1. What's the number of the only condition in (1) touching a Gly at 6+ places or on another chain (Cβ under 6 Å); (2) touching a residue at least 40 places away in the same chain (Cβ under 8 Å); (3) of a type outside the set (A, V, I, L, M) that residue 5 fails to meet?
2. Which residue pairs have Cβ atoms under 6 Å apart, sit 6 or more places apart or on different chains, and have a first residue in region 46-75 that is closer than 16 Å to residue 6 by Cβ and a second that is surrounded by 15 or more Cβ atoms within 10 Å (Cβ to Cβ) and among the hydroxyl-bearing types (Ser, Thr, Tyr)?
3. Checking residue 31 against (1) β-branched (Val, Ile, Thr); (2) out of contact with any helix residue (DSSP H, G or I) (no Cβ under 6 Å at 6 or more places or on another chain); (3) modelled with pLDDT of 95 or more: exactly one of these is not met. Which one?
Amino acid sequence: MASKTQTKVIKLYESKGYYVINLTRTNKNGIADLLCLKDGEKPMFVECKEVNDTVKTLQSYRGREVEKYGCEFMVIKSTI
């Protein structure tokens, strides 16, 4: 189930012309929540966190891992 933050981020990036995929089940534990694709831009993996949630060690590792493959990685944290 997508969090409120994920839902907002999906709507935001889709409004900017991105094709957004919610990565609910993958073969890689710790992979980011969303994959955002847009023609002419690097693929972007986005980890969405609620206000009191933190990025886990494995999630940080996966972020660095996708960056090695030329992708962007970012964490978006809810402020409410």
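1. (1)
2. From region 46-75, the pairs are 48/5; 50/5; 50/78; 51/78.
3. (2)
The values are calculated or read from the model by the stated rules, or taken from the named source; none is laboratory data. It should be emphasised that the depicted structure is a prediction, and the values quoted were computed from it without experimental measurement. Because the Cβ atoms are built from the backbone with ideal geometry, glycine has one as well, and the counts that use them run over all protein chains shown.
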